[in-house]
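Taking it in order: structure first as C-alpha cells, then the write-up.
The values are calculated or read from the model by the stated rules, or taken from the named source; none is laboratory data. The shown structure was predicted, so the numbers you read here are calculated from the model rather than taken from an experiment. Note that each Cβ is placed from the backbone with ideal geometry, even for glycine, and that neighbours are counted across all protein chains shown. For the accessible areas, the whole protein counts, side chains as well, though only heavy atoms, and no ligand, DNA or RNA atoms are used. Shrake-Rupley method; radii C 1.70, N 1.55, O 1.52, S 1.80 Å.
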Amino acid sequence: MKKVNPKSGLFKVALLSISLLLMIAPQISSVLPLMYSSFPGVSRAAVETLSTIPNIGIVIGLIISPFLIKLIGTKNTVITGLVIALLAGTYPMYATGYTTILISRFLLGAGIGLFNSLAVSLLSKFYQGDELSSMLGFQNSMGSVGAAIFSFCVGLLAVNGWHATFAIYFAALPILLLFGFVVKLPSQSQTVDTEAQPATKEENKINGAVIEIAIIMFFMYVFFMPMSFKLPQLATSQKLASVSQIAFVSSVVTLIGIPVGMCYGLLKKKLKDLILPIGLFLQVAGLLAIAYAVNLPMLVVAVIVLGAGFGLSVPYIFNWLDEAAPKNSVNFATTITLILVNIGCAASPTIVNWLGTTFGGGTPRSDMTMAGIGMAVLFCYSIVHYFQLKKKHN
C-alpha cells in the first residue's frame with residue numbers, strides 16, 4: 001500500500017482513532033440491572049465489578065506496554081492491544097458464566113492498557129509545535145466522543161438484551177484495520193528520544209506531593225464511579241428512567257466534558273486555584289442531586305452538574321501534578337497517578353457498597369449518598385489546600 005502522508009486527514013484520523021476506545025470499557029454499565037438476574041449466585045457488588053474490572057487490566061497493560069514495545073515494536077503493540085480488545089470485548093455476547101466474563105473484561109482492559117499511553121506519545125513522532133498542540137487537543141476529546149457514541153449505541157442495543165450490548169466492542173475491528181493499513185511509523189523512531197535524552201534524562205522519583213495527588217485522584221474516582229455502575233440501579237429502582245434512557249443520561253456526562261475542557265484554560269486564568277474547590281463542590285452537588293432525583297429532567301441536570309465538576313477537577317489536578325513532580329520525573333509521576341486512578345475505579349463498587357450498607361440502608365440511594373459525602377470530604381480538603389496556596393503566594 002502506498003505510504004500515507006502524516007499531514008493528510010486520513011492519516012490523522014487513523015492515528016486518533018485508537019483514542020476512541022480509551023473510555024469504551026465501562027460503557028455497558030447502563031445494562032447492569034439486566035444482568036443481576038443472570039447471575040443468581042453472585043452479589044450485586046460483584047456484578048457491578050464487571051463494569052470496573054477493566055481498570056485493573058489497564059494498569060497491567062500500562063506496566064507491560066514498555067516491555068512489549070521493546071520485544072515486538074510500537075505498531076505491533078498497538079495492534080496486539082486492539083486484537084485483545086476486540087476478542088475479549090465481544091466475548092460476553094455469547095458467554096453465560098460470570099467468571100469467564102469477568103476474565104474477559106479484565107483482558108479487555110489489558111488490551112486497552114497496551115496502547116493507552118501510545119495514543120498520546122505517538123503524536124509527537126509526527127507533529128511539532130502548534131500542529132502537535134492541535135492534535136493533542138483532538139486526542140483529549142476523542143475519548144469523550146467515543147464514550148458518548150458507545151453509550152448511545154448501548155441504549156439502542158439494550159432492547160435485544162444485555163448480551164447484545166457487548167457488540168459495541170466490534171468497533172475495535174475497523175480501527176484495527178484503519179490503523180494497521182494507514183499508520184506507518186518512522187523507521188528511526190528513537191531519533192526524537194535520543195536527541196532529547198541528554199538534556200532531560202527521565203528519572204523515576206516521586207515526592208510527598210505526588211503521593212498526595214495520587215491519593216486524591218484515587219478517592220475522587222472511587223466516589224465518582226458510582227455515576228457509572230450505581231446510577232442504572234438507582235434510576236430503574238426509583239422508576240426514573242428506562243435502561244435506554246439511562247444510556248443516554250450516561251453519555252451526557254462525557255459530552256459535557258468536551259465544552260468544559262475547551263473552556264478550562266480561560267476559567268483557569270480567571271479562577272486560578274479556586275478551580276479545584278469549585279469542581280469538587282459541583283461533584284458533591286451532582287452526586288447528591290442524583291441520589292434524590294425525583295424525575296428524569298432532574299436526573300439529567302444533576303448529571304450535567306456532576307460532569308462539569310469532574311471536567312474542571314481532573315485537568316487542574318494533572319496541572320498540579322506537572323508542577324509538583326520532581327524534575328524529569330513527570331512521566332513516572334503520571335504513571336503512578338494513573339495506576340492509582342484505575343485501582344480506584346476498580347475498587348469503587350466494593351468501597352461504595354460497603355459504605356452504603358454500613359452507614360445507610362444498602363439501597364442505591366444510600367450508596368450514591370455515601371459517594372456524595374465522600375466527595376464532600378475531598379471538597380473540604382480542597383478548601384484547606386486553596387488557603388494554603390493563597391497564604392504561600394501572599
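Brief remarks on what is shown
- Restricting attention to the range 260-295 and to residues that are touching a residue at least 60 places away in the same chain (Cβ under 8 Å) and open to solvent by 10 Å² or more (accessible area, probe 1.4 Å), the residue that is farthest from PRO364 (Cα to Cα) turns out to be ASP273.
- Yes/no for LEU132 being of a type in the set (A, V, I, L, M), assigned to a helix (DSSP H, G or I), touching a Leu at 6+ places or on another chain (Cβ under 7 Å) and open to solvent by less than 30 Å² (accessible area, probe 1.4 Å): no
- Any chance PHE106 is in contact (Cβ under 8 Å) with a residue 40 or more places away in the chain, among the aromatic types (Phe, Trp, Tyr) and open to solvent by less than 20 Å² (accessible area, probe 1.4 Å): no
- Subset of the range 345-394 (residues that are in a helix (DSSP H, G or I), touching an Asp or Glu at 6+ places or on another chain (Cβ under 9 Å) and without any contact (Cβ under 8 Å) to a residue 12 or more places away in the chain): THR357, HIS393
- The combined condition, being modelled with pLDDT of 85 or more, closer than 18 Å to MET225 by Cα and either surrounded by 16 or more Cβ atoms within 10 Å (Cβ to Cβ) or hydroxyl-bearing (Ser, Thr, Tyr) (or both), is fulfilled by PRO54.
- Boolean, TYR127 is closer than 18 Å to VAL13 by Cβ, buried (at least 16 other Cβ atoms within 10 Å of the Cβ) and over 14 Å from the mean Cα position of the chain (by Cα): yes
- Flag if LEU82 is modelled with pLDDT of 95 or more, under 30 Å from LYS7 (Cα atoms) and open to solvent by less than 10 Å² (accessible area, probe 1.4 Å): yes
- Residue in the range 188-206 that is at pLDDT 70 or above, within 30 Å of VAL377 (Cβ to Cβ) and not basic (Lys, Arg) present: yes
- Check on PHE106, part of a helix (DSSP H, G or I), farther than 21 Å from LEU177 by Cα and under 17 Å from the mean Cα position of the chain (by Cα): yes
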